[in-house]
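Read-outs: derived from the displayed coordinates by stated rules, not from any lab. On a predicted model such as this, the values are computed, not experimentally measured, just so you know. Quick reminder, even Gly has a Cβ in these numbers, built from the backbone with ideal geometry, and neighbours come from all protein chains shown.
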Amino acid sequence: MDQRNEAQTRLWIPKRDSLGNAVDARLIEAAHRIWERARLVVVRYLADDTDAAEIVEAAVDSASRRMGNHHTIQCFEAYLFRSVTRESIRRFKRNQKLSYLDNGSLERIAAPVSQDLDRELDEVKQLGELSAGTRKRWGEVSSASFSMV
């Protein structure tokens, strides 16, 4: 019960939207009515409700700006709830693109680093000194030896 009261107090809708227009009181009331369901949707997609208040506030701001452009919203609760759901899904998909790897995974993925750079530099220098025909044959031999490994 205490968690519910705490969650209700975390939702604060400003009286003005991002464009400076007054937010319709019906939008604020609708946001408070859908708050519990909106939190559950955010938890469903994002595993916790830490972003719920921010998402609901952004939905109210968006609805207020839309109303400021002389568009009508038929059902405030449905509009806000759908906006919260859409934003939760968008954040869920964005979070899925990020995957964190441990050091062992990074070592397996990383390309092997050459241990004998001096030897490779010597080979490049020697190849530069060889004639074109010899260079061609040397390339065939070295590529064949690499394919055997």
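If the condition is being of a type in the set (Gly, Ala, Ser) and either touching a strand residue (DSSP E or B) at 6+ places or on another chain (Cβ under 8 Å) or assigned to a helix (DSSP H, G or I) (or both), then segment 29-77 contributes Ala30, Ala31, Ala38, Ala52, Ala53, Ala58, Ala59, Ser62, Ala63, Ser64, Gly68. Scanning segment 15-28 for residues that are surrounded by 13 or more Cβ atoms within 10 Å (Cβ to Cβ) and out of contact with any Phe, Trp or Tyr (no Cβ under 6 Å at 6 or more places or on another chain) yields Asp17, Asn21, Val23, Asp24, Ile28. Residue pairs whose Cβ atoms lie under 8 Å apart, separated by 6 or more positions or on different chains, with the first residue in segment 38-67 and among the basic types (Lys, Arg) and the second in a helix (DSSP H, G or I), are Arg39/Ala7; Arg39/Ala52; Arg44/Ser88.
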